[in-house]
Amino acid sequence: MFTFIGKLILLFGLVIVAMRCMGKTVLAQLTPPDLAAIVFVVTLSVSPIKANGIGQTIAGIITIVFMYLLFSKLSLFRRLNRLLIGHPSILIKHGKISKKDLRKTRFSLVELLSTIRAAGYPNIRDIDYVILEPNGELSILPNQSVVNLTPRHLNIETDYQGLPIAMVVEGKIQHKNLKLIQKDEKWLQEEFLTQGFHEINNIFYAAVTDKDHSLIVDTGTDN
């Protein structure tokens, strides 16, 4: 049993080290080589492990959960966070591409340009920063000159429109959400009747805004 648990701990740690060595781009791009590498690493890491009986299976599950929680706790410490998770990398700064950081992170220029074009910024001069986050995501921070104007920029005060809370999903009442707005099923049925809906089963989706309890109804059809 102890040998089995020892194998689990060793291989779990090795997989994490292997993923860190492959870099953040393996999660960001997931190209065919990236996917193949992940599949092979995972397959090879679990192939030496064979649980004999329900006892080892349960022990193995508990061990993996414990290791996951342990690494999650360790990543809360700043120094260990950089080691286990990594740190952000600036790929573009004030419209200038960092060739050094691209090579360091093994993020291709073609993929970078494709991603920022998909985000609506074909001209890199319009971008202040592009940051490759530790989880492989790209954070794109555009220049203020190309940011869409908002009421805040114009010093215009806006009213809170309210958050739509689902009341009916595919003909079923969401009782937990009704409690959130301190209403009951009877109130909801009366609201439906005022809008001409007599059968809740015919309602595909309905929501109520938390501001004024106005009802939004969609039958799921074009009518």
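Farthest towards the positive end of the charge dipole of the chain, among the residues 13, 57, 127, is the Cα of 13, using unit charges on the Cβ of Lys, Arg, Asp and Glu.
Taking chymotrypsin sites (Phe, Trp or Tyr not before Pro) as exposed when DSSP calls them loop and at most 15 other C-beta atoms lie within 10 angstrom, the chain has its longest site-free stretch at 78-159.
Between residue 212 and residue 103, the modelled label-to-label distance comes to 6.1 nm, taking each label 7 Å out from Cα in the direction of the beta carbon. Can you classify the range 100-223 as rounded, prolate or oblate using the Cα gyration tensor, where a ≥ b ≥ c are the square roots of its eigenvalues, rounded means a/c under 1.5, and otherwise it's prolate if a/b beats b/c and oblate if not? Cα axes put the range 100-223 in the prolate bin. Given +1 at the Cβ of Lys and Arg, -1 at the Cβ of Asp and Glu and no other charges, the dipole of the chain around its Cα centre is 1920 debye to the nearest 20. Near residue 215: Cβ cut-off under 15 Å, other residues only, Lys/Arg at +1 and Asp/Glu at -1. The net charge is -4. For the chain, with the dipole built from +1 on Lys and Arg beta-carbon atoms and -1 on Asp and Glu ones, taken about the Cα centre, which of 115, 88, 150 lies farthest toward the positive end? Comparing the listed Cα positions along the dipole, 88 ranks first. Between residue 58 and residue 175, the C-beta separation translates, for a Förster distance of 41 Å, into a calculated FRET efficiency of about 0.70. Which of the three applies to the chain, rounded, prolate or oblate, going by the alpha-carbon gyration tensor with a ≥ b ≥ c and a/c under 1.5 meaning rounded? Oblate is the answer for the chain, as a/c is 1.5 or above yet b/c matches or exceeds a/b. Annotation: amide H-H contacts under 5 Å for residue 91 (H modelled 1.01 Å from N, sequence separation of 5 or more, or interchain): 130, 131, 132. Within the chain, the longest run free of GluC sites (Glu not before Pro) that sit in a DSSP loop with at most 10 other Cβ atoms within 10 Å is 1-156.
None of the figures in this text is laboratory data; all of them are computed from the coordinates on show. All of these numbers come straight from a predicted model, not from anything done at the bench. Positions of Cβ are generated from backbone atoms using ideal geometry, with glycine treated the same way; all protein chains shown enter the neighbour counts.
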